[in-house]
Amino acid sequence: MARLSDYLIDSLLLPEEIGATAFGSQIRYSDSGRITYLDKERDLFLLYDINLGRNTDSFLFEEDIQALEIRNFDSVYIAGRHELITIFRKKIHRYDLSEMLRTYVDADVWISDGNGFSVVGDTVRITVRWFSDKDDTIPSRRSVLTHFEVVFALKGDSVMYLGKYNPDPVALVGQDFGTNMSRPALLLNGHMIACNLPFGDTLYTYDIIRRQEHKIGIHSSIRPAPQPFDYSKAADHAYFSGYHNANAWFTFLYHDPWRHHVYQFLKHPGDYITSEGERKKFYDASFSLLVYSTDLGLQEELQIPEKMLYPLKTFVTPDGICIAEDKDRRRLDGKTMYYRFRIP
């Protein structure tokens with residue numbers, strides 16, 4: 001297996017608060033030499049100039065944010081619980097999605113957080129899940145059955161429902177509900193959804209316009225066998241941690257439109273506690289970076305040794321994919337090193 005380090009071109013030293021948490025900050029390439037990110041602790045959008053080494057602009061937004069897509073600093077898309085909010089040149093526009101979600105999906109679904117959002121042109125993919133104030137047990141059968149990728153098109157002051165997709169929900173109802181709760185997904189163009197389940201080695205594509213599904217096997221060097229989670233042991237920390245460490249796990253999908261790639265990290269199986277008694281965390285394992293073409297054919301699998309990089313902090317620029325160093329290898333307080341790799 002080739003190594004990702006073969007494609008290393010340079011590194012960036014960025015402030016630690018950029019991408020500080022899994023979902024608290026989301027980094028997006030904005031324009032030449034600049035990136036945008038959200039400081040969710042302060043509900044503050046910031047624009048950081050890589051060449052100058054400082055923030056150059058900011059914008060305060062005092063509302064709850066479920067998910068976020070920053071196309072550039074003058075074009076921000078925000079998902080609330082039941083609404084879509086756009087910011088163009090600091091002018092805010094709101095689209096109420098509650099009636100459409102009630103009509104086309106379920107009366108009690110809400111917009112999910114984390115990776116459940118992507119934008120192509122003025123077409124938006126939003127992940128929704130079921131939630132009831134009377135029964136907040138998640139995951140549940142109803143959570144799985146109503147966990148949809150929903151696509152809308154923005155038309156001036158109105159919004160148009162285009163379609164929805166939920167891969168293999170019935171197959172999951174009788175086993176590990178949780179595999180469908182953190183589903184990686186992308187909107188590759190204005191009508192094609194790509195997604196997979198963290199513990200399954202199949203990529204799903206769904207054409208919203210043609211209503212066609214296609215399944216693609218992921219032929220990686222690691223063959224993850226999905227293992228149902230025993231929820232009766234969910235309160236057992238050793239079982240919970242051991243389960244997540246012992247399994248291979250497909251993480252988020254990233255689109256590189258400049259080189260026509262789609263990237264995905266694959267965590268390799270590992271130990272929760274080693275034979276020497278070392279307690280290991282999820283991201284202490286070795287990884288592969290899977291490089292797909294835009295039609296999702298696997299082109300390359302690149303090895304990442306354990307405790308070298310921290311894939312949770314990743315963003316893509318025209319110069320390459322930038323991945324943070326492992327948090328335990330940090331060299332300077334308050335700073336994070338990002339290594340930039342250019343994969344042809």
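The values are calculated or read from the model by the stated rules, or taken from the named source; none is laboratory data. Predicted, not measured: the structure shown is a model, and the values here were computed from it. Glycine also receives a Cβ, built like all others from the backbone with ideal geometry; neighbour counts cover every protein chain displayed. When the accessible area is computed, the model is the full protein with side chains, heavy atoms only, and any ligands, DNA or RNA have been set aside. Shrake-Rupley method; radii C 1.70, N 1.55, O 1.52, S 1.80 Å.
Does GLY334 fit the bill of being in contact with a Lys or Arg (Cβ under 6 Å, 6 or more places away or on another chain) and on the phi > 0 side of the Ramachandran plot?
Details: in contact with a Lys or Arg (Cβ under 6 Å, 6 or more places away or on another chain): no; on the phi > 0 side of the Ramachandran plot: yes.
So GLY334 does not fit the description; no.
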Review point. With respect to the numbered conditions (1) at negative phi; (2) assigned to a loop (DSSP other than H, G, I, E, B), which one is the sole condition not fulfilled by PRO311?
Key: (2)
Revision key, fill the gap. Filtering the range 179-214 for residues that are touching a Phe, Trp or Tyr at 6+ places or on another chain (Cβ under 6 Å) and open to solvent by 40 Å² or more (accessible area, probe 1.4 Å) leaves a count of 1
Study note, to complete from the structure: Scanning the range 235-283 for residues that are under 30 Å from THR205 (Cβ atoms) and of a type in the set (Val, Ile, Thr), the one most open to solvent (accessible area, probe 1.4 Å) turns out to be THR251
Check your understanding: Since GLU306 meets every condition but one in (1) open to solvent by 30 Å² or more (accessible area, probe 1.4 Å); (2) of a type outside the set (Phe, Trp, Tyr); (3) modelled with pLDDT of 90 or more; (4) part of a strand (DSSP E or B), which condition does it not meet?
Key -> (4)
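What strands (runs of 3 or more DSSP E) completely inside the range 25-114 contain at least 2 residues that are open to solvent by 10 Å² or more (accessible area, probe 1.4 Å) and of a type in the set (D, E, K, R)? First the steps, then the outcome.
Details: elements: 27-31, 34-39, 44-49, 54-60, 67-72, 75-79, 83-88, 91-96, 109-111.
Counting at least 2 such residues, we get 27-31, 34-39, 54-60, 67-72, 91-96.
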Exercise for review: Return the residue satisfying two criteria in turn: it lies in the range 115-160 and is among the hydroxyl-bearing types (Ser, Thr, Tyr) and open to solvent by 40 Å² or more (accessible area, probe 1.4 Å), and of such residues it is modelled with the lowest pLDDT.
Suggested key: THR137
Exercise for review: Provide a single number: the residues in the range 322-344 that are of a type in the set (A, V, I, L, M, F, W, C), touching a strand residue (DSSP E or B) at 6+ places or on another chain (Cβ under 6 Å) and either farther than 15 Å from TYR7 by Cα or modelled with pLDDT under 95 (or both).
Suggested key: 4
Review point. Do we find a residue being more than 30 Å from ILE70 (Cα to Cα) and under 20 Å from the mean Cα position of the chain (by Cα) anywhere in the range 266-277?
Key: yes
